[in-house]
Amino acid sequence: NAGVTQTPKFQVLKTGQSMTLQCAQDMNHNSMYWYRQDPGMGLRLIYYSASEGTTDKGEVPNGYNVSRSTTEDFPLRLLSAAPSQTSVYFCASSLSYEQYFGPGTRLTVT
Amino acid sequence: AQSVAQPEDQVNVAEGNPLTVKCTYSVSGNPYLFWYVQYPNRGLQFLLKYITGDNLVKGSYGFEAEFNKSQTSFHLKKPSALVSDSALYFCAVRDARTGTASKLTFGTGTRLQVTL
């Protein structure tokens, strides 16, 4: 199993551009999550999905959108990038208790 | 609301000495508690969890953690530290009453530095 995979690993965007961060898991997990990690702030939940076809907002959803059309995939869309969205983004999945994380995408918005 | 506090930004310990990384939590119902480790430029890796039962839980790489309900703490411990344990450690909590999508709340992380 590849586990949780994320693409791209690095991305630089200009203010106002849009893009999609990809996340896929091959463990048949029901739940998937997107977090952002900023220095001194730990991980903050952006969006999550309890199952295919459902999504819910987390702590910091503004400026982002998600969809869950398959069990495997959970893409995160940045609608109009802002410098405040410069961060490291992690996708995770879970079946019951613990979550399994991808390697992350480092995003810089200039 | 649920929250986690990791009071130390950094813990320094010599190799071979015991280590403790502190975590306290706040949650309305019963807690599910977790420790994760993050090595440089990597995602988080699950170390151990407390769900129910024995207050002392054992996890990966020789780590263990003790759940203390009265002190609302879940400190991470290891009897003998290794240089390779140097990493960023996160404590996380979830309210046991929440549904199957386990919304975790993470602490801000503690950097463990183990020196020779």
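The values are calculated or read from the model by the stated rules, or taken from the named source; none is laboratory data. Small disclaimer: the values here were computed from a predicted structure and weren't measured. No Cβ is skipped: glycine too gets one built from the backbone with ideal geometry, and neighbour counts run over all protein chains shown.
Of the residues that sit in segment B:29-58 and are out of contact with any strand residue (DSSP E or B) (no Cβ under 6 Å at 6 or more places or on another chain) and farther than 28 Å from residue A:106 by Cα, which one is nearest to the other protein chains (Cβ to nearest Cβ)?
B:52
Can we say residue A:72 is among the acidic types (Asp, Glu) and farther than 22 Å from residue B:35 by Cα? Write out each step before concluding.
Working: among the acidic types (Asp, Glu): yes; farther than 22 Å from residue B:35 by Cα: yes.
Taking the combined requirement at face value, the residue satisfies it.
Are there any strands (runs of 3 or more DSSP E) wholly within chain A with 1 or more residues that are facing chain B (nearest Cβ under 8 Å) and within 28 Å of residue B:50 (Cβ to Cβ), and if so which?
On the way: elements: A:4-7, A:10-13, A:19-25, A:31-38, A:42-49, A:64-66, A:76-78, A:87-94, A:99-101, A:105-109.
Filter on chain A gives A:4-7, A:31-38, A:42-49, A:87-94, A:99-101.
Among the residues that make up segment B:61-82, is at least one of them within 16 Å of the chain's Cα centre (by Cα), buried (at least 20 other Cβ atoms within 10 Å of the Cβ), among the β-branched types (Val, Ile, Thr) and at pLDDT 95 or above?
If we filter segment B:61-82 for residues that are within 16 Å of the chain's Cα centre (by Cα), which is where we start, we get B:61-69, B:71-79, B:81.
If we keep only those that are buried (at least 20 other Cβ atoms within 10 Å of the Cβ) too, we end up with B:63, B:65, B:67, B:74, B:76, B:78, B:81.
Pick out the ones that are also among the β-branched types (Val, Ile, Thr) and you get none.
Within segment B:61-82, none of the residues are within 16 Å of the chain's Cα centre (by Cα), buried (at least 20 other Cβ atoms within 10 Å of the Cβ), among the β-branched types (Val, Ile, Thr) and at pLDDT 95 or above.
Is one or more of the residues making up segment B:34-47 on the phi < 0 side of the Ramachandran plot, polar (S, T, N, Q) and exposed (fewer than 12 other Cβ atoms within 10 Å of the Cβ)?
Applying the first criterion (on the phi < 0 side of the Ramachandran plot) to segment B:34-47 yields B:34-40, B:42-47.
Filter again for polar (S, T, N, Q), leaving B:38, B:45.
Add one more test, that the residue is exposed (fewer than 12 other Cβ atoms within 10 Å of the Cβ), and what stays is none.
No, there is no match, as no residue in segment B:34-47 is on the phi < 0 side of the Ramachandran plot, polar (S, T, N, Q) and exposed (fewer than 12 other Cβ atoms within 10 Å of the Cβ).
Does residue B:30 fit the bill of being over 14 Å from the mean Cα position of the chain (by Cα) and farther than 20 Å from residue B:66 by Cβ? Let's see the steps before the verdict.
Working: over 14 Å from the mean Cα position of the chain (by Cα): yes; farther than 20 Å from residue B:66 by Cβ: no.
No: the conditions fail for residue B:30.
What strands (runs of 3 or more DSSP E) completely inside chain B contain at least 3 residues that are of a type in the set (A, V, I, L, M, F, W, C)? Working first, answer last.
On the way: elements: B:3-5, B:10-14, B:19-21, B:24-26, B:31-38, B:44-50, B:56-58, B:64-68, B:73-78, B:87-95, B:110-115.
Here the list reads B:10-14, B:31-38, B:44-50, B:87-95.
I'm trying to understand the selection: among the residues of segment A:74-104, which are under 16 Å from residue A:22 (Cα atoms) and surrounded by fewer than 15 Cβ atoms within 10 Å (Cβ to Cβ)?
A:77, A:79
Give me the residue from segment A:36-51 that is touching an Asp or Glu at 6+ places or on another chain (Cβ under 9 Å) and at negative phi and, out of that set, surrounded by the most Cβ atoms within 10 Å (Cβ to Cβ). Spell out the reasoning first.
Initial filter on segment A:36-51 (touching an Asp or Glu at 6+ places or on another chain (Cβ under 9 Å)): A:40, A:44-50.
Checking the rest, the ones that are also at negative phi come to A:44-50.
Numbers: A:44: 16, A:45: 20, A:46: 24, A:47: 23, A:48: 26, A:49: 21, A:50: 18.
The extreme case among them is A:48.
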